[in-house]
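The values are calculated or read from the model by the stated rules, or taken from the named source; none is laboratory data. Predicted, not measured: the structure shown is a model, and the values here were computed from it. So basically every Cβ, Gly included, is an ideal-geometry build from the backbone, and we count neighbours across all protein chains shown.
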Amino acid sequence: MGTISSAKLAGTSLILGPVITVICYFIQQSAISLSADEWGNAAAAAEKLRSASVLSNVTSLIIPLALTMFVYGIFFILNEIRGNGEALVGFAKIPILIGLAGWVYGSGVGITVTNWPGGDTNMFTLWGLGQISSVMFAIGATAGFLAIASRNDYNSTLAYGAAVVGLVGIITSIVGILTSDGSVAANMTLIVGITYIIHTLYSVYLGRGLLSRS
């Protein structure tokens, strides 16, 4: 393992990281699903976390690690970009890292709420962290995909498509964090999840390209 090339490690990370993250994300959404009336109800949400404690704890531990893999892989590609797109690279990294940090912290909050009764009020912290992290990560990813689009060896058409999907993710994430309507929040969460799936498919494409270098 110590002799693996940087490109292979990045390629593997781009394939496994997003796939694992999306699987865990939808496991959380299905196991801890909230009705429109339960959005904003901290006690009800916390109780659902505790009722699915094993799934909640496991996915909350895995997601930060899987996201770190994805960030490593995407940064490997971004660091190769010179000239056209280089300015976007510098910008993209900042919100991506902020989003990653927010999700890592939010995962820790989720584990605490799950394991310690009385932490219901922390659900608002968890919601806020998750939503603003989604906004920041989507901004960074969109800028990153636009930078990648400047290089034809990563299929600029697909990169532009991923950037458009990222823009949808930004808008829906912003609507989700600003709304006080549970039905709207639930729908925005679903749409954001779909954008994650599409970005995962493109990430797998990028990862396979890195693996094929040698």
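So here's what we get for this one:
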| read-out | value |
| --- | --- |
| Selection count, segment 115-149, where residues are modelled with pLDDT under 85 and of a type outside the set (A, V, I, L, M, F, W, C) | 9 |
| Count of residues meeting criterion [touching a Gly at 6+ places or on another chain (Cβ under 8 Å), outside any loop (DSSP other than H, G, I, E, B) and surrounded by fewer than 19 Cβ atoms within 10 Å (Cβ to Cβ)] in segment 133-168 | 1 |
| Some residue of segment 112-129 being within 17 Å of residue 17 (Cβ to Cβ) and surrounded by fewer than 23 Cβ atoms within 10 Å (Cβ to Cβ) | no |
| Flag for residue 171 being surrounded by fewer than 23 Cβ atoms within 10 Å (Cβ to Cβ) and touching a residue at least 12 places away in the same chain (Cβ under 8 Å) | no |
| Boolean, residue 66 is assigned to a helix (DSSP H, G or I), touching a Pro at 6+ places or on another chain (Cβ under 8 Å) and closer than 30 Å to residue 206 by Cβ | yes |
| Among the candidates 31, 42, 10, residue that is surrounded by 15 or more Cβ atoms within 10 Å (Cβ to Cβ), out of contact with any Leu (no Cβ under 6 Å at 6 or more places or on another chain) and of a type in the set (A, V, I, L, M, F, W, C) | 42 |
| Scan of segment 169-186 for residues that are of a type outside the set (Gly, Ala, Ser) and outside any helix (DSSP H, G or I), ordered by number | 179, 181 |
| Filter pass, residue 91 being touching a residue at least 60 places away in the same chain (Cβ under 8 Å), under 26 Å from residue 15 (Cβ atoms) and either within 11 Å of the chain's Cα centre (by Cα) or not in a loop (DSSP other than H, G, I, E, B) (or both) | no |
| Residue match in segment 52-62 (condition: among the aliphatic types (A, V, I, L, M), buried (at least 16 other Cβ atoms within 10 Å of the Cβ), within 21 Å of residue 159 (Cα to Cα) and at pLDDT 90 or above) | no |
| Hits in segment 187-202 (condition: under 21 Å from residue 130 (Cα atoms) and out of contact with any Ser or Thr (no Cβ under 8 Å at 6 or more places or on another chain)) | 187, 189, 190, 193, 194, 197, 198, 199 |
| Pairs, first closer than 18 Å to residue 15 by Cβ and assigned to a helix (DSSP H, G or I) in segment 187-198, second among the hydroxyl-bearing types (Ser, Thr, Tyr) and modelled with pLDDT under 90, C-beta under 8 Å, six or more apart | 196/25 |
